[in-house]
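See below for the structure under consideration.
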Amino acid sequence: MARRLPLSAWSLLSAVLALGALAAWPVDRQWLDWQGLHGDWPYRAFTAAFVHWTPRHLAANLAGCAVLAWLGHTAQLGRRAALAWAVAWPLSVAALALRPEITAFGGLSGVLHAGVAVAVIELVLTRRGRERWIGLAIGIGLVLKIAGESPLGPALQQVEGWDGMPVVPLAHLAGAVLGAGLTVVFIGVSIGVRGYHRRRPA
């Protein structure tokens, strides 16, 4: 009998994001997308990530989910990393309230940038040798990508190749900052908890 591989929390979250996007594709987007801080914004902070405006938009983010699932599996990212990514998910969408002119938003891009940042911080702060260098390389690439998008410029930007769909670079910046910050906090908490248990008398 073939041995089943356990599904990690990181892989499970990657699958939830991808399957949620697929399930939301035929649904009326007005019930799911981000529409600012109105009465129903809490649930939209989650569901907006599942909304995609064009087939290319959906395909690109599904590919991003697959890449992050592979990265998490290869780097053996644990529950702490998955938790940081999960918490960054709604926060990266809610951060768009900083720009009230963003009246509608959908897509996984901010959440995916958060996942990359989580992986980078985990590799840089908790690993050694080759893994740490890989984390640094990915982190540099992430910073350069976001900086090149002018995330603090116009809230909605037209980018060639996206079939007229405006891009929201602030979502990428918010996701990366929140993913990195939450991971640093969770690593610090983990270190503190381990230190407490070592000092605690038997």
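Residues are listed down the side, and each one gets a yes or a no for (1) free of Cβ contacts under 8 Å to residues at least 40 places away in the same chain; (2) touching a strand residue (DSSP E or B) at 6+ places or on another chain (Cβ under 8 Å); (3) under 24 Å from VAL189 (Cα atoms):
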site	(1), (2), (3)
ASN61	no, no, no
SER92	no, no, yes
THR103	no, no, no
GLY106	no, yes, no
LEU123	no, no, yes
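Would you mention how many residues in region 19-41 are surrounded by fewer than 16 Cβ atoms within 10 Å (Cβ to Cβ) and either more than 17 Å from ALA95 (Cα to Cα) or without any contact (Cβ under 8 Å) to a residue 12 or more places away in the chain (or both)? Of the residues in that region, 12 qualify. Return yes or no: is ARG56 of a type in the set (D, E, K, R) and crowded, with 20+ Cβ neighbours inside 10 Å? Judged against the criteria, ARG56 is not a match.
Counting the residues of region 1-25 that are at pLDDT 95 or above and not in a helix (DSSP H, G or I) gives 1.
Out of LEU144, LEU96, report the one residue that is touching a strand residue (DSSP E or B) at 6+ places or on another chain (Cβ under 7 Å) and assigned to a helix (DSSP H, G or I). Steps first, please.
Working: LEU144 fails: touching a strand residue (DSSP E or B) at 6+ places or on another chain (Cβ under 7 Å).
LEU96 is the lone residue from the list that is touching a strand residue (DSSP E or B) at 6+ places or on another chain (Cβ under 7 Å) and assigned to a helix (DSSP H, G or I).
Selection of region 136-166 for residues being of a type outside the set (S, T, N, Q), more than 17 Å from GLY64 (Cβ to Cβ) and touching a Ser or Thr at 6+ places or on another chain (Cβ under 9 Å) yields ASP163, GLY164.
If we scan region 74-90, do we find a residue that is of a type in the set (Val, Ile, Thr), buried (at least 24 other Cβ atoms within 10 Å of the Cβ) and touching a residue at least 40 places away in the same chain (Cβ under 8 Å)?
To start, the set of residues in region 74-90 that are of a type in the set (Val, Ile, Thr) comprises 74, 87.
The next check asks that each one be buried (at least 24 other Cβ atoms within 10 Å of the Cβ); those that pass are none.
No, that holds for no residue.
The values are calculated or read from the model by the stated rules, or taken from the named source; none is laboratory data. Values in this document were obtained by computation on a predicted structure and should not be read as measured data. Cβ atoms come from the backbone with ideal geometry, glycine included; neighbour counts cover every protein chain shown.
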